[in-house]
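The values are calculated or read from the model by the stated rules, or taken from the named source; none is laboratory data. No experiment lies behind these values; they were computed from the predicted model shown. Cβ: placed from backbone, ideal geometry, glycine included. Neighbour counts: every protein chain shown.
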Amino acid sequence: MNRRKFMGVVGGSLVAGAVSGWAAVDAATHAAATTAAGASGTLDAAAFHAARRFARTAFGRIAYLDRGDGDVALFLHGFPLNGFQWRGAIERLSPYRRCIAPDFMGLGYTEVADGQGVAPEDQVAMLVALLDQLSIASVDIIANDSGGQAAQIFVARHPERVRTLLLSNCDTEINSPPAAMAPVIALSKQGKWLDQWIAPWHADHALARSPEGFWGMCYLDPANPTDEAIDTYFPPLLATPRRKALAHAYAVALERNPLVGIAPALKRSTMPTRIVWGMGDTIFAPGDAEHLDRAFGNSRGVRRLEGSKLFWPEERPDVIAEEARRLWEAG
């Protein structure tokens, strides 16, 4: 389903009142929060909020989830989501890796420094700063949507820091941004996208889960996005005028394809790379998966999920866990 169909569906209704309850736990109080939320088991919204940490960097206070021990798996979320997208996968993989899921600048709960850009290259520089702050030398990357775009830039610029790469539906050099992003970018340039799309979806969960809403565009299961997902993804985007401006800036920055010319670097890469693709996606085509398979120097092939759409990793965390563990063991 093309995003253009939604421009006439969502109205101008706004989220009323102040957004409360999303202020996060700082790193200094993380230990107590983790004890309360539980270091393992179900990662619901309450546990996600309670366990959130912040890393102070030159880019701002970067919000991230940190669960498990050992070698690090870095989870890069899609647009306009945040680290909560990976809750199911982290539940399954934290016994095997230290799972870190940051929120990109302009999305989620990260507090962006004044004057800081939020373009894809800025996001990658932020990820490097976050890993340095946490004294992490190398990672296994798992990524989706615009997070996959950032993952490719990261691989091209810092291949020595990536052990393995697991990509799901995402941008490619030949399709970035996808055509479906055109109305989002156009409305974001006018500062209207959040009020015309996201605010109505947050105010009316049934609309968000309708064929004309977020579900029809990005999910296969009509129960998605769940109420707690809607109430975790959208409030930080709508909380203040500055946060709205940052989210709009994130979308506008996607207009320029940052992957142009990346092919030689990807071909030189040696880390084991696996692509898993939702074949029902109307935003990123099946041919994009084939392109990625050819692009990487050590691709382990493509797994195709019939019917699944853009945000299938949220709906099928078992597949992410299965493919990640196989990739880690083979790598």
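One residue stands out in region 286-310 among those that are part of a loop (DSSP other than H, G, I, E, B) and touching a strand residue (DSSP E or B) at 6+ places or on another chain (Cβ under 7 Å): the one that is nearest to ALA182 (Cα to Cα), namely LEU310. Among the residues of region 163-177, is there at least one that is in a helix (DSSP H, G or I), polar (S, T, N, Q), out of contact with any Asp or Glu (no Cβ under 6 Å at 6 or more places or on another chain) and at negative phi? No, because not a single residue in region 163-177 is in a helix (DSSP H, G or I), polar (S, T, N, Q), out of contact with any Asp or Glu (no Cβ under 6 Å at 6 or more places or on another chain) and at negative phi.
Residue count for region 118-133 satisfying the condition of being among the hydrophobic types (A, V, I, L, M, F, W, C) and either within 12 Å of the chain's Cα centre (by Cα) or within 15 Å of PHE75 (Cα to Cα) (or both): 6. Annotation: of all residues in region 86-105 being more than 14 Å from the chain's Cα centre (by Cα) and of a type in the set (D, E, K, R), the one that is farthest from ALA55 (Cα to Cα) is ARG92.
Would a scan of region 53-69 turn up a residue that is crowded, with 19+ Cβ neighbours inside 10 Å, at pLDDT below 95 and over 18 Å from LEU166 (Cα atoms)? No, there is no match, as no residue in region 53-69 is crowded, with 19+ Cβ neighbours inside 10 Å, at pLDDT below 95 and over 18 Å from LEU166 (Cα atoms). Screening LEU74 against (1) under 26 Å from VAL184 (Cβ atoms); (2) assigned to a strand (DSSP E or B); (3) touching a helix residue (DSSP H, G or I) at 6+ places or on another chain (Cβ under 6 Å) leaves a single unmet condition, (3).
Taking the conditions (1) under 19 Å from LEU74 (Cβ atoms); (2) surrounded by 14 or more Cβ atoms within 10 Å (Cβ to Cβ); (3) not hydroxyl-bearing (Ser, Thr, Tyr) in turn, LYS309 satisfies each one other than (1).
Annotation: ASP145 fulfils all but one of (1) among the acidic types (Asp, Glu); (2) touching a Phe, Trp or Tyr at 6+ places or on another chain (Cβ under 9 Å); (3) over 17 Å from HIS77 (Cα atoms); the unmet one is (3). For region 186-201, a residue qualifies if it is of a type outside the set (S, T, N, Q) and in contact (Cβ under 8 Å) with a residue 40 or more places away in the chain, and the qualifying residues are LEU187, LYS189, GLY191, TRP193, LEU194, ASP195, TRP197, ILE198, ALA199, PRO200, TRP201.
Checked against (1) touching a residue at least 12 places away in the same chain (Cβ under 8 Å); (2) more than 20 Å from PRO313 (Cβ to Cβ), GLY83 passes all but a single condition, namely (2). Looking at the structure I just gave you, is ALA186 closer than 23 Å to GLY106 by Cα, more than 15 Å from the chain's Cα centre (by Cα) and either in a helix (DSSP H, G or I) or not hydrophobic (A, V, I, L, M, F, W, C) (or both)? Against the criterion (closer than 23 Å to GLY106 by Cα, more than 15 Å from the chain's Cα centre (by Cα) and either in a helix (DSSP H, G or I) or not hydrophobic (A, V, I, L, M, F, W, C) (or both)), ALA186 qualifies. Quick one: is ALA253 within 18 Å of the chain's Cα centre (by Cα), surrounded by fewer than 22 Cβ atoms within 10 Å (Cβ to Cβ) and either polar (S, T, N, Q) or at pLDDT 95 or above (or both)? Yes, satisfied. Scan region 66-88 for residues that are in contact with a Lys or Arg (Cβ under 9 Å, 6 or more places away or on another chain) and either of a type in the set (D, E, K, R) or closer than 20 Å to THR226 by Cα (or both) and jot them down. Scanning region 66-88 gives ASP66, ARG67, ASP69, ASP71, GLY83, GLY88. Restricting attention to region 91-135, the residues that are touching a residue at least 60 places away in the same chain (Cβ under 8 Å), among the aliphatic types (A, V, I, L, M) and either in a helix (DSSP H, G or I) or closer than 29 Å to GLU228 by Cβ (or both) add up to 10.
If the condition is being part of a helix (DSSP H, G or I) and either free of Cβ contacts under 8 Å to residues at least 24 places away in the same chain or within 19 Å of the chain's Cα centre (by Cα) (or both), then region 202-214 contributes HIS202, ALA206, ALA208, PHE214. Scanning region 257-289 for residues that are charged (D, E, K, R) and free of Cβ contacts under 8 Å to residues at least 60 places away in the same chain yields a single hit, LYS267.
Yes/no per residue for (1) over 23 Å from ARG325 (Cα atoms); (2) among the β-branched types (Val, Ile, Thr); (3) crowded, with 24+ Cβ neighbours inside 10 Å:
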{"position": "LEU107", "(1), (2), (3)": "yes, no, yes"}
{"position": "ALA113", "(1), (2), (3)": "yes, no, no"}
{"position": "GLN152", "(1), (2), (3)": "no, no, yes"}
{"position": "LEU166", "(1), (2), (3)": "no, no, yes"}
